[in-house]
1. For the subset of segment 198-209 comprising residues that are buried (at least 16 other Cβ atoms within 10 Å of the Cβ) and without any contact (Cβ under 8 Å) to a residue 60 or more places away in the chain, which member is farthest from the ligand (Cβ to nearest atom)?
2. Go through (1) of a type in the set (Ser, Thr, Tyr); (2) open to solvent by 10 Å² or more (accessible area, probe 1.4 Å); (3) assigned to a loop (DSSP other than H, G, I, E, B) for residue 63 and report which single condition fails.
3. For segment 126-174, what are the residues that are farther than 18 Å from residue 192 by Cα and of a type in the set (Gly, Ala, Ser)?
4. In segment 70-81, how many are buried (at least 18 other Cβ atoms within 10 Å of the Cβ) and out of contact with any strand residue (DSSP E or B) (no Cβ under 7 Å at 6 or more places or on another chain)?
5. Identify, please: which residue in segment 5-58 is part of a loop (DSSP other than H, G, I, E, B) and farther than 20 Å from residue 84 by Cα and is, among those, most open to solvent (accessible area, probe 1.4 Å)?
6. Restricting attention to segment 138-148, which residues are buried (at least 24 other Cβ atoms within 10 Å of the Cβ) and more than 16 Å from the chain's Cα centre (by Cα)?
7. Only one residue in 167, 151 is within 23 Å of residue 103 (Cα to Cα) and either of a type in the set (S, T, N, Q) or within 13 Å of the chain's Cα centre (by Cα) (or both). Which one?
8. Considering only residues that are closer than 24 Å to residue 18 by Cα and in a strand (DSSP E or B), which ones fall in segment 151-188?
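The values are calculated or read from the model by the stated rules, or taken from the named source; none is laboratory data. Everything quoted here is computed from the prediction, not taken from an experiment. Heads up, the Cβs are rebuilt from the backbone with ideal geometry, glycines too, and the neighbour counts pull from every protein chain shown. Note: areas computed on protein heavy atoms with side chains; ligands, DNA, RNA excluded. Shrake-Rupley method; radii C 1.70, N 1.55, O 1.52, S 1.80 Å.
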Amino acid sequence: MMNGTLKGRSAVVTGSTSGIGLGIARALAAAGANVMLNGLGEAREIETIRAEIEGLHDVKVRYSSADMSQAAQVRDMIGQAEAEFGAVDILVNNAGIQFVSPVESFPEEKWDAILAINLSSNFHSIRAALPGMRRRNWGRIINVASAHGLVASPFKSAYVAAKHGVVGLTKAVALEAAESSVTCNAICPAYVRTPLVEDQIRDQARAHGMSEEDVVREVMLAAQPNKRFVEIDELGELAVFLCSPAASSITGVALPVDGGWTAK
Ligand code: NAD
């Protein structure tokens, strides 16, 4: 639908070997952008995905194995993309992990990992990519936060804290970069059916002592008025829109994509 609108632009999408990040990477490539994939996974499977996206669209697709919990690797990934493509015009901070536990017994190492991967990696990538965006006087930063960047749920203290942090970081960067035609926005989805959610269904079933079916209906989608999971394609198209000229004045927002959850 938006083919070619991002021709000549280059993007980095963190955590794009699966789920939402992969969907956004596919949508940006379909719109004409070169894409640097990133994330964990088996090398052969990642190469299959990389080659498939590159084959479908007339764009370069590369892969960085940078670990988003390591600041130096985040910085190097941005440098690698600038070297490969000549620029990083679009930065999508999407890599994320989840862990569900009451706060009193929340493992310290899980807190540290969630803060590092879900929040600090956004700081390190923005810090590395923003100077080039300013030089070229154009940039789009999209942080995949969550409805949990706006409201809380029990047993997700680290995730909720990190995602609220992402929303705050988004606003601060938007203000600092506004005069350079660089926008910075957060996308705040409710539940999207991805591997991360599949894991949560299992974890929540254990935490609540419920069946997985009951967790979906009575826990996960209890707060979601439209009673359906968000589709990955909806987020891909939204990312392409936020990169389009029509979205030039949209910056510093935390946009709920949640079927009405946070309207209540
Ligand atoms: P996913 O598990 O399918 O994908 C997560 C991606 O992050 C994978 O590519 C994984 O390899 C990568 N990743 C994890 N740790 C990494 C690390 N240390 N270094 C580099 N990459 C790493 O999950 P998803 O559901 O697609 O989630 C993507 C983002 O969307 C996350 O930030 C998540 O918090 C957010 N989100 C998800 C939902 C949902 O319902 N799925 C809702 C709101 C927000």
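1. Among those residues, the one meeting the criterion is 205.
2. Every listed condition holds for residue 63 apart from (3).
3. Of everything in segment 126-174, those that are farther than 18 Å from residue 192 by Cα and of a type in the set (Gly, Ala, Ser) turn out to be 128, 129, 132, 139, 157, 158, 161, 162, 165, 168, 172, 174.
4. Qualifying residue count for the region: 1.
5. Only one residue fits best here, namely 40.
6. Correct list: 139 only.
7. Only one candidate qualifies: 167.
8. 184, 185, 186, 187, 188
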